[in-house]
1. Pairs under 9 Å by beta carbon, first residue under 13 Å from Leu90 (Cβ atoms) in the range 48-72, partner among the polar types (S, T, N, Q) and part of a helix (DSSP H, G or I), six or more apart or different chains?
2. Suppose we filter the range 14-33 for residues that are basic (Lys, Arg) and in a loop (DSSP other than H, G, I, E, B); how many remain?
3. For the range 44-100, how many residues are in a helix (DSSP H, G or I), buried (at least 17 other Cβ atoms within 10 Å of the Cβ) and small (Gly, Ala, Ser)?
4. Restricting attention to the range 34-43, does a residue exist that is small (Gly, Ala, Ser), part of a helix (DSSP H, G or I) and modelled with pLDDT under 95?
Amino acid sequence: MDELGPADLRILIAQQVALPYVLPLAVRLLIEETLLDACFYEGDLLLTAVNAPASAWALLPELGARLRTLITALPDTAVAGLPRGAAEELARFVGEPAPLL
């Protein structure tokens, strides 16, 4: 295996393995397709990334800012199609009050 695929990145992030190296790879994919279906459902890589520890994101401030920009550009209809609680997780990462759904 030469490269880590989206599903591999999702697993590594969820298990908090090598986050300073893995998160940039994930964000690169999310820039191309923000709601990428890595394994289970549309947006699973994004939701896994935003749930990475704040300490990992603190090491990558520019990358976190880029991901926040991608999230705020998502249409409400796209966010509404994500699993229950996803809108709140995204809002928490972006630093906005949770939407009233």
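The values are calculated or read from the model by the stated rules, or taken from the named source; none is laboratory data. Note that the structure is a prediction, hence the values are computed from the model and not measured. In this analysis, Cβ positions are derived from the backbone assuming ideal geometry, glycine residues included, and neighbour counts consider all displayed protein chains.
1. Pairs found: none.
2. Our first condition is that a residue be basic (Lys, Arg); within the range 14-33, this holds for 28.
Filter once more, keeping what is in a loop (DSSP other than H, G, I, E, B): none.
Residues flagged as basic (Lys, Arg) and in a loop (DSSP other than H, G, I, E, B) within the range 14-33 amount to 0.
3. 6
4. Restricting attention to the range 34-43, the residues satisfying the condition of being small (Gly, Ala, Ser) are 38, 43.
Of the ones still in play, those that are also part of a helix (DSSP H, G or I) are none.
No, there is no match, as no residue in the range 34-43 is small (Gly, Ala, Ser), part of a helix (DSSP H, G or I) and modelled with pLDDT under 95.
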